[in-house]
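The values are calculated or read from the model by the stated rules, or taken from the named source; none is laboratory data. The structure presented is a predicted model; accordingly, all values stated were derived computationally and were not measured. Note that we place each Cβ from the backbone using ideal geometry, even for glycine, and neighbour counts take in every protein chain shown.
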Amino acid sequence: MTAPTPLIAGNWKMNGTAASLGEALAVAAQQGGGRARVAICPPATLIQRMSAALAGSAVMVGAQDCRAEEAGAFTGDVSAEMLADAGAKLVILGHSERRAGHGETDALVATKVKAALRAGLEPIICVGETLDQRKAGDALGVVTGQVRGSLPPELAGKAWSVAYEPVWAIGTGLTPTTSEIEEMHVAIRATLRDLFGPEGAGPAILYGGSVKPSNAAEILHAAEVGGALVGGASLKADDFLGIIRAL
Ligand code: PEP
């Protein structure tokens, strides 16, 4: 089996208005020639406009969450089908800010993954331990448990990736050591092989948590790291391009 194609995805979180589309256009104009697939996941309000602006470019547009149901009385929510209709190709699911702030369980994340597949979206499924869990020596068990609970068997034969994002590294400027990242990515890969057999070697395992141009090369070249999920540093084209070029 060939190595997974790397993916560098930017998570804009709740940032960005029409005035920010220029950053995405700048990424699209300058990212050519790299080894990675590149995606930007803006807030839902920008998906349609960003998809139109980036049409014909190599940069894909993704979403940051979806509701599992296709349609119905769910005020304020957006279904996977609606995101696909707006132009999204991927969707981030199970981000720690959703797990912690919206009570999302592994079981709910797995349901959302099935919804994303139903709509033809490529899920990026996030997992990661808190600092207390790491200090208690539970990081490997917590994360591999999240992988087992959040990845439904319906993923077999589909395009998807896992993002390992230590909660304590998100937006803090802190990062695990390279050997801690490798240890976790190797454990996630072993879990994917256990769940999906030889096919478990295929999906990229992204690292996320305070990736920036200055640390990207070391992180992206670590064992079993197949790209990055980038928050803060994806908001400015120059920083995001610095990460893309580090691969
Ligand atoms: C994220 O929230 O997915 C993330 C990785 O954020 P940051 O890069 O800002 O730590």
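Observations
- Test: V147 is within 14 Å of the ligand (Cβ to nearest atom), among the β-branched types (V, I, T) and under 19 Å from E97 (Cβ atoms): no
- If you filter region 120-139 down to residues that are touching a residue at least 12 places away in the same chain (Cβ under 8 Å) and farther than 19 Å from P203 by Cα, you find that the one that is surrounded by the most Cβ atoms within 10 Å (Cβ to Cβ) is E129.
- Residues within region 189-214 that are within 16 Å of the ligand (Cβ to nearest atom) and either surrounded by 16 or more Cβ atoms within 10 Å (Cβ to Cβ) or within 18 Å of Q146 (Cα to Cα) (or both), tallied: 10
- Test: residue in region 204-212 that is over 23 Å from T130 (Cβ atoms) and not basic (K, R): yes
- Filter result for E165 (modelled with pLDDT of 95 or more, within 16 Å of the ligand (Cβ to nearest atom) and over 21 Å from G226 (Cβ atoms)): no
- Qualifying strands (runs of 3 or more DSSP E) (wholly inside region 1-77; at least 2 residues being surrounded by 15 or more Cβ atoms within 10 Å (Cβ to Cβ), within 16 Å of the ligand (Cβ to nearest atom) and of a type outside the set (G, A, S)): 7-11, 37-41
- A216 being aliphatic (A, V, I, L, M) and more than 15 Å from G128 (Cα to Cα): yes
- Checking each residue of region 82-100 against the condition of being closer than 22 Å to A18 by Cα, assigned to a loop (DSSP other than H, G, I, E, B) and free of Cβ contacts under 8 Å to residues at least 40 places away in the same chain gives no match.
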